[in-house]
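Please treat every number below as a calculation from the coordinates, not as lab data. Bear in mind that the values here come from a model prediction, so they are computed numbers and not experimental data. Virtual Cβ from ideal backbone geometry, glycine too; neighbours counted across all protein chains shown.
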There are 2 protein chains.
Amino acid sequence: MQVVVPFAGRTPKSRLEAVLSLEERRDFARAMLADVCGAVVATGNSPTVLATAPLSETTVTSLEAGTGGEYRVEIDDRPLSPAVNALLEAADEPVAIVMADLALATPVTLEGLFEINGDVVIAPGRGGGTNAMVVRHPSFRVDYHGASYLDHRQGARGVGATLETVDSFRLATDIDEPADMVEVWLHSDSRSKATLEAQGFHLETTEGRVRLARD
Amino acid sequence: MQVVVPFAGRTPKSRLEAVLSLEERRDFARAMLADVCGAVVATGNSPTVLATAPLSETTVTSLEAGTGGEYRVEIDDRPLSPAVNALLEAADEPVAIVMADLALATPVTLEGLFEINGDVVIAPGRGGGTNAMVVRHPSFRVDYHGASYLDHRQGARGVGATLETVDSFRLATDIDEPADMVEVWLHSDSRSKATLEAQGFHLETTEGRVRLARD
């Protein structure tokens, strides 16, 4: 299986800008990428990092450490959907697309996704996103804009592809907004968590859900 | 297995007050309770609704419809943790505690939880909560305040109980804040969704995650 991990390295995680500087967002995004790619390698697959621009030296170092060098890079400066669709068009084997900010992904959860039969298998993200998917149908194309989970369901029906979903909290949790960051703290022991620790975060308990904070 | 579904009927879902009136919150909470209890019944278990006060006639009607009458009610006006702990102390069989706002829970996801071996089995919720759990250890007690997921892990260690977790998006999704409501829309076809439809909500697509809105 070809496992694609899209990565926008230059201005990553813009919705975290209320709590992290640009440099910090880059560090955190890089750590998550290395964690995700490391989990892919542990499933026995070699990830393809689909990047909008050549990776920085720091990103390469981090990826090497996370994967043991078991990855390759493809550069495509188009937006996410056409870039992924170009890979789908060219593919002669099943393609998995796994978002680079799934900091809670583990080898077991990814194997669960890869092993489910179906022309299209989706791990939905919160808020209607498509956090990870496997495509085994030659005519299916992605559209990540808006409520992509609904669009992908419709797209699968449109080309006569069977669709399955995966019920996984770990794969549903993309780290996109400040409130998501606490999940990394609670549920992973990874480069991503170490990065947040180095950035000075700690757990803050409020009346409702807990969150991360720093002084 | 004794399956307990705690329910605070009088002022439910206070964190939804920005988008729903008190009456609407009551309707929605009641629909979620009926959905959750219906899913429990479909696993072959009979839920015990642990209520802070006698159920209203409307709630009883909704529960009857959702469960086919397969439930019983226990009244305890203490806060959640002491009320649940009283049941744990009295129990002579495994006890599952399933929150009443898990509108995405299905029989399959609940069976997955019930079938996992372990003295304490937790389905974590977002933000460090404990959305559903099974307790098979006589000395384990709950503490739902704050980051209960961490407290329950520690509590299990403290009494020498083995602890397992369940990786389920459906069980991780408690409908607590306005942003959570869209998950009901996207991933269930239930009384809870019908209630939101009747309340005039529709899907609104923004740049990031989608959400529910009404005019």
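Here are the numbers for this structure:
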| quantity | calculated |
| --- | --- |
| Most mobile listed residue (A:LEU102, A:LEU171, A:LEU16) in chain A, GNM with C-alpha springs under 10 Å | A:LEU16 |
| Charge dipole (the range B:56-118, unit charges on Cβ, about Cα centre) - positive-most of B:THR61, B:VAL98, B:TYR71 | B:VAL98 |
| Cα-centre dipole for chain B with unit charges at Cβ (Lys and Arg positive, Asp and Glu negative), debye to 20 | 260 debye |
| Of all DSSP beta bridges in the protein assembly as shown, antiparallel share, percent nearest 5 | 45 percent |
| Using alpha-carbon coordinates, inclination of helix B:22-42 to the longest axis of chain B, degrees | 50 degrees |
| Loop-located GluC sites (Glu not before Pro) in the range A:1-70, at most 14 other Cβ atoms within 10 Å (DSSP) | A:GLU17 |
| Bridge type composition, the range B:1-144 - antiparallel percent by DSSP, nearest 5 | 45 percent |
| Kirkwood Rh and Cα Rg combined as Rg/Rh, the range A:2-213 | 0.95 |
| Unit charges at the beta carbon, dipole of the protein assembly as shown: most positive-side option, A:ALA83, A:PRO138, A:ILE116 | A:ALA83 |
| Cα gyration tensor category, rounded, prolate or oblate, for the protein assembly as shown with a/c compared to 1.5 | prolate |
| Charge dipole magnitude, Cβ of K and R +1, D and E -1 - the range A:1-124, Cα centre, debye nearest 20 | 380 debye |
| Most mobile listed residue (A:ASN45, A:ASN117, A:ASN131) in chain A, GNM with C-alpha springs under 10 Å | A:ASN117 |
| Cβ-vector label at 7 Å, A:ARG72, separations to other copies in nm | 6.4 |
| Estimated dipole of the range B:80-195 in Debye, rounded to 20 [Cβ of Lys and Arg +1, of Asp and Glu -1, Cα centre] | 100 debye |
| Percent of beta bridges antiparallel (DSSP, the range A:98-215, rounded to nearest 5) | 75 percent |
| FRET efficiency for A:ALA194 and A:THR58, using Cβ-Cβ distance with R0 set to 22 Å, rounded to 0.05 | 0.90 |
| Proximal charge balance of B:SER188 [Cβ under 10 Å; K/R count +1, D/E count -1] | 0 |
| Residue among B:VAL40, B:VAL121, B:VAL73 with the largest mean-square fluctuation in a Gaussian network model of chain B, springs linking Cα atoms under 10 Å | B:VAL73 |
